[in-house]
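The values are calculated or read from the model by the stated rules, or taken from the named source; none is laboratory data. Keep in mind it's a predicted model, so treat the numbers as computed, not measured. With ideal geometry, Cβ positions are generated from the backbone for all residues, glycine too; neighbour counts draw on all protein chains shown.
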Amino acid sequence: AGEGLGYLQGDYRWVQFQCTETGKHFKVKKGVIGDFRPSYKQIRLEVVGLNTETTWFIDGEEVEAVKHAGMFTTITVDDFERLEIPLRR
């Protein structure tokens, strides 16, 4: 993927996301397996189709997301483990 030849020595990175909705919150838990460290430092998250607030919680800390034309909301963050988004009903 243009990140070098570390895969020849067995380096890899497998990222998986587990999404759940509790009725009041939409939650994303991220897990990473492997030792490969990518060159990028931030991740852009897009949430489409949820009636969300723009105040989100990344690893328990409050952050502001950006709403685009009412259709999707984005945020660019450093690496994270847990995202929690309050839902509006």
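For the range 49-71, which positions are at pLDDT 85 or above and farther than 19 Å from residue 22 by Cβ?
Of everything in the range 49-71, those that are at pLDDT 85 or above and farther than 19 Å from residue 22 by Cβ turn out to be 61, 63, 64, 66.
Between residues in the range 76-89 that are free of Cβ contacts under 8 Å to residues at least 40 places away in the same chain and on the phi < 0 side of the Ramachandran plot and residues that are charged (D, E, K, R) and in a strand (DSSP E or B), which pairs lie under 9 Å by C-beta distance while being six or more apart or on different chains?
Sorted first by the residue in the range 76-89, then by its partner, the pairs are 76/44; 77/44; 79/30.
Does residue 4 fit the bill of being surrounded by 10 or more Cβ atoms within 10 Å (Cβ to Cβ), over 17 Å from the mean Cα position of the chain (by Cα) and more than 18 Å from residue 73 (Cβ to Cβ)?
So residue 4 fits the description; yes.
For the range 70-83, name all the residues that are in a loop (DSSP other than H, G, I, E, B) and of a type in the set (A, V, I, L, M).
71
Among the residues of the range 19-54, how many are assigned to a loop (DSSP other than H, G, I, E, B) and hydrophobic (A, V, I, L, M, F, W, C)?
Total satisfying the criteria: 2.
Restricting attention to the range 43-54, which residues are touching a strand residue (DSSP E or B) at 6+ places or on another chain (Cβ under 6 Å) and either exposed (fewer than 10 other Cβ atoms within 10 Å of the Cβ) or hydroxyl-bearing (Ser, Thr, Tyr) (or both)?
If the condition is that a residue be touching a strand residue (DSSP E or B) at 6+ places or on another chain (Cβ under 6 Å) and either exposed (fewer than 10 other Cβ atoms within 10 Å of the Cβ) or hydroxyl-bearing (Ser, Thr, Tyr) (or both), then 44, 48, 52, 54 are the ones that fit.
Has the range 55-69 got at least one residue that is touching a Lys or Arg at 6+ places or on another chain (Cβ under 7 Å) and either loosely packed, with under 12 Cβ neighbours inside 10 Å or outside any strand (DSSP E or B) (or both)?
yes
I need every pair where a residue in the range 63-75 that is under 14 Å from residue 49 (Cα atoms) has its Cβ under 7 Å from the Cβ of a residue that is among the basic types (Lys, Arg) and loosely packed, with under 15 Cβ neighbours inside 10 Å, sequence separation at least 6 or different chains.
Sorted first by the residue in the range 63-75, then by its partner, the pairs are 73/67; 74/44.
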